[in-house]
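Taking it in order: structure first as structure tokens, then the write-up.
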Amino acid sequence: MYTHRRQIIFLLLTFLLVPPASSYASVSMTLPQYISEILLNNHNLRASIKTVEADYYSVLASVGNQRPSIHGTVTGSYVTRQSGQSNVTVGSLAVVLTQRIDISGTYGLNEQQNILGYEVSRANFDNNVNTLIAAAEETWWTAVLARENMKLQREIVLQRSENHRVTMEKYNQELVPRLDIVRSEAQVVDAETTAKTAETTYLNLLAELSLMAGGLDVEPVDEELHVPEFDIALNFDEALEHRPDVRAARLSLERAKLVKKLAAKGMSPTLDFGFQFTPWADPEAAATPNSNQAGASISLNIPIYDGKQTKYRTMNADRLIQAAEASLAALRETTRRDITIAMNDWKNASATEQDKQRQVERAEEELRITELMYAEGMGAQIDLINAQTAYQAVRTEYLDAIRGMYVALTALRKAIGDYSPDENGTWREAVSRYGKGTEVLGEPGLTTLRTHSRGK
């Protein structure tokens, strides 16, 4: 019997004193530090920002046809003559300039819709940031509470092991039956299983945190856990202004209207201007214009029938406008729903936390009295087991309530776009950020989020 007890104590100490293997390589940091790591090292975020940069340069490339085009043309040929006649070599060099003159206003519309395309892309990127940081903060607080739960379950293991020791002593003194030993040992095993499950949950959450930080093994700094306070100023109109997916939908609608205007100009006439200079030709009349001569041309193209392409493209663009309007309206309602649900969750979690706090105090007192009575031989073991089970349950529920408060606050911040970069994503900002391609990477504002209450 003594050997059996010694084995239990050895396993218990091994379980409690040996830290998880992954913790040796983890970097302990605060929440703001962790968010900075995500913004710098998250691979999906890096891919997204490069896609935005590509869209920026795509806009610059799309307006290239509005500018004059210059190219050189070199031609040469060798013609053999029939009997008695000399072979002829013909060659020329020409410089050609062409320019399509915008007489229907399509250049301006096309440039505006391309710029809006970039701004939509940037707004979608901001929405990705908002979603990612919200998920990261929710996972962070879930991990923090999981660690608290792991500590709680280990504390319960010690508590039940001590009760098992007391039961063993009472059994040796023939004060309790063998059944009490079986029950107390079962309670220890059950507590150890629960503690191991809590540890596994915590380690899995650390793996999620590592993934979002680009593979860096991180761990929330071990500090006193605080019950969060509601520190968000809710305003539905401001949420619609700041929420990046709503901004993207609004820009998409504006772009769709421009696309319809462009489609309606499908039958517009076009005017092309050309200029050519021939610095060399042999023989001189081998090219038009001749050697050392220049020529200019102008061509007006007036469409008469295009197979109803313009008509149906315009109808297509009109339906896309209606789709964009419906999407924007849906996002407005989604925002209202997200705020309402998150606010309801906060109220519920806050009320639950206060209720569970009072229950924890009562459960602690009940367990203390029950343990004392059992140790003095004045209480039944079943009462002790019930008190232990109730204490474990209410402490776990209390931690779940705190987690619910953090998750609700995170959902509220996400709903109002509080995690998105502090920018408006306009083309003017893009020109300032990227210039004409001289900067490899420049996204000021990316690491500056709207909220400043994070990490409290």
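The values are calculated or read from the model by the stated rules, or taken from the named source; none is laboratory data. Remember, predicted model here, so these are calculated numbers, not experimental data. Because the Cβ atoms are built from the backbone with ideal geometry, glycine has one as well, and the counts that use them run over all protein chains shown. Each accessible area value is taken on the protein alone, full model and side chains, heavy atoms only, with ligands, DNA and RNA left out. Shrake-Rupley method; radii C 1.70, N 1.55, O 1.52, S 1.80 Å.
Looking at the range 402-422, which of its residues are surrounded by fewer than 21 Cβ atoms within 10 Å (Cβ to Cβ) and touching a Lys or Arg at 6+ places or on another chain (Cβ under 8 Å)? Across the range 402-422, the qualifying residue is only 422. Inspect the range 287-306 for any residue being assigned to a loop (DSSP other than H, G, I, E, B), open to solvent by 60 Å² or more (accessible area, probe 1.4 Å), among the β-branched types (Val, Ile, Thr) and under 20 Å from residue 73 (Cβ atoms) and give the result as yes or no. Scanning the range 287-306 turns up at least one residue that is assigned to a loop (DSSP other than H, G, I, E, B), open to solvent by 60 Å² or more (accessible area, probe 1.4 Å), among the β-branched types (Val, Ile, Thr) and under 20 Å from residue 73 (Cβ atoms).
State yes or no: is residue 262 farther than 30 Å from residue 144 by Cα, aliphatic (A, V, I, L, M) and touching a Leu at 6+ places or on another chain (Cβ under 8 Å)? Yes, satisfied. For the range 151-193, a residue qualifies if it is under 30 Å from residue 223 (Cα atoms), modelled with pLDDT under 90 and of a type in the set (Lys, Arg), and exactly one does: 160.
Only one of 200, 278 is farther than 27 Å from residue 422 by Cα and at pLDDT 95 or above. Can you tell me which?
Details: 278 fails: at pLDDT 95 or above.
Answer to the selection: 200.
Mind telling me which of the residues 255, 247, 243 ends up being of a type outside the set (Asp, Glu) and open to solvent by 30 Å² or more (accessible area, probe 1.4 Å)? Before you say what the answer is, go through the steps one by one.
Details: 247 fails: open to solvent by 30 Å² or more (accessible area, probe 1.4 Å); 243 fails: open to solvent by 30 Å² or more (accessible area, probe 1.4 Å).
Just a single option satisfies the conditions, and that option is 255.
If we keep just the residues of the range 336-360 that are basic (Lys, Arg) and either without any contact (Cβ under 8 Å) to a residue 12 or more places away in the chain or not in a helix (DSSP H, G or I) (or both), which is surrounded by the most Cβ atoms within 10 Å (Cβ to Cβ)?
Residues of the range 336-360 basic (Lys, Arg): 336-337, 347, 356, 358.
With either without any contact (Cβ under 8 Å) to a residue 12 or more places away in the chain or not in a helix (DSSP H, G or I) (or both) added as a condition, the list becomes 337, 347, 358.
Details: 337: 11, 347: 13, 358: 11.
The residue in question is 347.
Can you name every residue in the range 184-204 that is open to solvent by less than 30 Å² (accessible area, probe 1.4 Å) and under 23 Å from the mean Cα position of the chain (by Cα)? Correct list: 202 only. Within the range 261-271, the set of residues being open to solvent by less than 50 Å² (accessible area, probe 1.4 Å) and outside any loop (DSSP other than H, G, I, E, B) comprises 262, 263, 270, 271.
Identify, please: which residue in the range 368-390 is surrounded by 16 or more Cβ atoms within 10 Å (Cβ to Cβ) and touching a residue at least 60 places away in the same chain (Cβ under 8 Å) and is, among those, nearest to residue 145 (Cα to Cα)? Working first, answer last.
The first filter runs over the range 368-390 and keeps only residues surrounded by 16 or more Cβ atoms within 10 Å (Cβ to Cβ), leaving 370-371, 374-375, 379, 381, 384-385, 387-388, 390.
In the following step, the residues that additionally are touching a residue at least 60 places away in the same chain (Cβ under 8 Å) were identified as 371, 374-375, 381, 384-385, 388.
Numbers: 371: 27, 374: 32, 375: 33, 381: 31, 384: 27, 385: 25, 388: 21 Å.
Filtering the range 368-390 for residues that are surrounded by 16 or more Cβ atoms within 10 Å (Cβ to Cβ) and touching a residue at least 60 places away in the same chain (Cβ under 8 Å), the one nearest to residue 145 (Cα to Cα) comes out as 388.
Part of a strand (DSSP E or B), among the polar types (S, T, N, Q), more than 30 Å from residue 303 (Cβ to Cβ) and more than 44 Å from the chain's Cα centre (by Cα), is that true of residue 98? Against the criterion (part of a strand (DSSP E or B), among the polar types (S, T, N, Q), more than 30 Å from residue 303 (Cβ to Cβ) and more than 44 Å from the chain's Cα centre (by Cα)), residue 98 does not qualify.
Condition check for residue 103 on (1) in a helix (DSSP H, G or I); (2) under 30 Å from residue 268 (Cβ atoms); (3) not charged (D, E, K, R): one failure, at (1).
Return a yes/no flag: does the range 150-162 have any residue that is open to solvent by 20 Å² or more (accessible area, probe 1.4 Å) and among the hydrophobic types (A, V, I, L, M, F, W, C). Taking every residue of the range 150-162 in turn, at least one turns out to be open to solvent by 20 Å² or more (accessible area, probe 1.4 Å) and among the hydrophobic types (A, V, I, L, M, F, W, C). Determine which member of the set 333, 365 is over 20 Å from residue 155 (Cα atoms), among the acidic types (Asp, Glu) and assigned to a helix (DSSP H, G or I). Of 333, 365, the one residue that is over 20 Å from residue 155 (Cα atoms), among the acidic types (Asp, Glu) and assigned to a helix (DSSP H, G or I) is 333.
For the range 19-37: of the residues being in a loop (DSSP other than H, G, I, E, B) and surrounded by 13 or more Cβ atoms within 10 Å (Cβ to Cβ), which is modelled with the highest pLDDT? Per the stated criteria, the residue is 30.
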